[in-house]
Amino acid sequence: MIGLALLLLAPSARGQFPVIEAILVEPHVGRSGSEFPLAVTGGNHLDGVDRLIFSDPRIVARPQTETTAEGEEIIKAGHFTVGIADEVPAGTYEVFAVGAYGISNPRSFTVTSLPVTAPGNVGASVAEATTIGGSTPAGAEGAADGFVIRHQATAARVDYFRLTAVGGPPQRIRLMAQRVDSRMIGQLKLYGPDGREAQTARGADGFDPELTLPAGAQGDYVIAVQDFLFRGGANFFYHLEVSPIADSDTAAPITISLDPSEGQVPQFAAIESATLPRLDSAVEPVTVEESVVVVTPPAVIESRFSRPRFGVAGSRSVVHFEAEEGRRLRAEVISQRLGEPTDPRLSIERREVADDGTERWNPVLSEDDPPVVGDAVFRLRSKDPLALFTAPATATYRIKISNLDSGQSLAAEPKWLLHLTDVTPDFDLVALPVFPHNDPLQTRPRGSQVIRGDRQAIRVLAFRRDGFSGPIELSLRPTEGEFPAGVDAPPVVIASDQTETQLLISADENAAAWIGGVKVFGEGTDGERSIERTARPATTVWGRGDLRDTFSSRLSTELMVSVSDESLSPVSIRLGEGELTGKPGSDLAVPIRLVRRDAAAPVIVRPRGLPAGVTAAEVTIAGDQTEGVLTLKIAADAKVDRYSFSVLAQTNIQFKPVTQTDASEITVFLNSNPANLELTQTP
């Protein structure tokens, strides 16, 4: 199946400068305090992979070696011995592979405190279920507190595991697939000692299912695991975790981290649920212990939805507060972004008392899902509702919070938070590498290697909050130190009416080799208030394929960039000279210049990131030419502002990869430098 995965990727790999693309690492889960072999087993351009970088430096990989026929000991590319320190906490981390074609995109790697086993053959029916016996799976010792089974789904079949329950606390049966970069949309079923189906839970994009073995359960239970679409193979790996649920799991306060900690991928890492609000650290959470709680904004309220019964959603929680007429508040529920399988709904009502003392609650507003930010390739989406509320009168108000998801996927009482704060204009940023292609639907996971004379694009999306409408100045800097000589990333701007742009990292003809992390910084103003934000890094996990016409992305721990001094691009492109100025209702000619280095094919140039009201046709520069003109047609109603845009050039070149002796023709897409355009009414 691994070979098939590589073949499926091969046709699109013929174009582009070769850059490492990691798809599979095996195993994808390991126990803290252990040492084991690990291999990078799937992807493109994996030549010479001799180094792994984990997001936590306490996870260390040593390359394995092999002996040639001549007796020479050499590194066995893509094969490592990984050691996890005892003190590494359980959680999801990331691993990057480094090879002849740069540094890869990150892939998830899970650390667990539980024993891990990988059964060879797994039963394909309830009667033939593979025994993971008592509270200890076959081959694992000391697993009384739980265990992890590592496997992969098989097409058109179900995996069955038999577990003997011996009483004691309830057991959580958790499938990890989507959250660890698997393509699998998991489904779990639990069969009781009588052979009847007792529970079912199904996952979805960005969500994995869980079941609960009740407290005091005794006898043989069977756990059924499958991909909901009955797909299978190397891309559909999973691990099944069975562990006790302590009383503290539901009684302990609900805590969240807004940023990656100790190199872990944050638990709200699905890009479809990427944003969390910021709070003054002085705001202490209020725990809802009854059905009604009274607070004074700003406030944080935390609680749990009760499990649905008989297909009816659990009880609603109500929060009362006082507000003066005209006060502007933000009410935001956070639940699905905590990884919970929920669909919260929020409504606000105003209390009115009639002359006869009768109390009535009048609807003010209700919210379900917030707007989607992004596009088909990359989306910021959440089921958590957000309401911006202006009090129409001085009165008592109440917020009612309910869960619209009443399905059987809720194996426990899912948690939720309510942030009730004053409206404050702000923004968040998310940044991820751009796959270089004229058709965004070709996007797939891709690492980084900027060769001399070339550029790499990083897409930056702005999530504007509470009416923030100002421009956002962006810059790119290394996480540590400075860029080496010859490497540059000019600043750009997201205009006041835009939500995204691209930063471009360039390497000149004499750039030195370099690998390192980078950060995107954004600056904006709201009146006299200055706002500075650092973009959260993100990555593309999967492109289209495997019966899915969708893309998968998530937050990451770091943006990594590799600059190579081994190759020189046969052609480079430069757009404009200095600052560009245009006037609404006019045309603006922008010069294009090529540097050809043994490249004589025509070059097609297409604009990217033009502002609303500005258009430009693609330009073809003949094979014997080095100059062209991009004509911007600026509509009369184009908004006066400052913008950044670039062009993407497409051409055919002869290129010799570093691991080959002969050059071959490939199609490449080349980024220009960013151009800054100011639209003004003055000539």
- Can we say Ala395 is surrounded by 13 or more Cβ atoms within 10 Å (Cβ to Cβ) and more than 17 Å from the chain's Cα centre (by Cα)? yes
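Looking at the stretch 196-284, what strands (runs of 3 or more DSSP E) fall wholly within it and have at least 3 residues that are within 27 Å of Lys383 (Cα to Cα) and modelled with pLDDT under 90?
Correct list: empty, since no element meets the threshold.
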- Among the candidates Glu627, Glu618, Glu566, Glu579, which residue alone is free of Cβ contacts under 8 Å to residues at least 24 places away in the same chain, surrounded by fewer than 18 Cβ atoms within 10 Å (Cβ to Cβ) and of a type outside the set (S, T, N, Q)? Glu618
- Check whether at least one residue in the stretch 429-445 is over 25 Å from the mean Cα position of the chain (by Cα) and within 30 Å of Val98 (Cβ to Cβ), and report yes or no. no
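Each row is one residue, and each column tells you yes or no for (1) at pLDDT below 95; (2) buried (at least 20 other Cβ atoms within 10 Å of the Cβ).
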residue	(1), (2)
Pro119	yes, no
Gly123	no, no
Gly134	yes, no
Gly139	yes, no
Ala143	yes, yes
Ala155	no, no
Val158	no, no
Phe161	no, yes
- Quick one: which strands (runs of 3 or more DSSP E) sit completely within the stretch 498-615 and have at least 3 residues that are touching a Ser or Thr at 6+ places or on another chain (Cβ under 8 Å)? 500-507, 514-526, 536-542, 552-555, 559-568, 571-575, 587-596, 603-608
- Note on the structure: Residues of the stretch 377-391 being more than 25 Å from the chain's Cα centre (by Cα) and either without any contact (Cβ under 8 Å) to a residue 40 or more places away in the chain or crowded, with 19+ Cβ neighbours inside 10 Å (or both), in sequence order, are Phe389, Ala391
- Among the candidates Val430, Val487, which residue alone is out of contact with any Gly (no Cβ under 8 Å at 6 or more places or on another chain), surrounded by fewer than 22 Cβ atoms within 10 Å (Cβ to Cβ) and hydrophobic (A, V, I, L, M, F, W, C)? Val487
- Task: From (1) outside the structural domain of Thr651 (by TED's automatic domain parsing); (2) under 24 Å from Gln681 (Cα atoms), pick out the condition that doesn't hold for Leu575.
- Result: (1)
- Query: Are any of the residues in the stretch 463-473 modelled with pLDDT of 95 or more, surrounded by 22 or more Cβ atoms within 10 Å (Cβ to Cβ) and in contact with a strand residue (DSSP E or B) (Cβ under 6 Å, 6 or more places away or on another chain)?
  - Reply: yes
- Query: Looking at Ser556, is it of a type outside the set (A, V, I, L, M) and under 21 Å from Asn105 (Cβ atoms)?
  - Reply: yes
- Within the stretch 532-560, the count of residues that are of a type in the set (Val, Ile, Thr), touching a Phe, Trp or Tyr at 6+ places or on another chain (Cβ under 7 Å) and surrounded by 15 or more Cβ atoms within 10 Å (Cβ to Cβ) comes to 1
- Could you grab the pairs with beta carbons closer than 7 Å, sequence gap of 6+ or different chains, first residue in the stretch 392-414 and under 15 Å from Glu332 (Cα atoms) and at pLDDT 80 or above, second one of a type in the set (Lys, Arg) and not in a strand (DSSP E or B)? Lys400/Arg316; Ile401/Arg316; Ser402/Arg316
- Item | Among (1) surrounded by fewer than 22 Cβ atoms within 10 Å (Cβ to Cβ); (2) in a loop (DSSP other than H, G, I, E, B) - the single one Glu340 does not satisfy | (1)
- For residues that are part of a loop (DSSP other than H, G, I, E, B) and closer than 27 Å to Gly99 by Cβ, tally how many sit in the stretch 618-663. 8
- Task: Just one of (1) surrounded by 14 or more Cβ atoms within 10 Å (Cβ to Cβ); (2) over 21 Å from His437 (Cα atoms); (3) small (Gly, Ala, Ser); (4) not assigned by TED's automatic domain parsing to the domain that holds Pro478 trips up Gly585, so point out which.
- Result: (1)
- Message: Return the residues of the stretch 63-89 that are surrounded by 13 or more Cβ atoms within 10 Å (Cβ to Cβ) and over 20 Å from Val658 (Cβ atoms); say none if nothing qualifies.
- Response: Gln64, His79, Phe80, Thr81, Val82, Gly83, Ile84, Ala85, Val88, Pro89
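The values are calculated or read from the model by the stated rules, or taken from the named source; none is laboratory data. The structure displayed is predicted, hence computed values, not measured ones. Methodologically, a virtual Cβ is constructed for each residue, glycine included, from the backbone with ideal geometry; neighbour enumeration extends over all protein chains shown.
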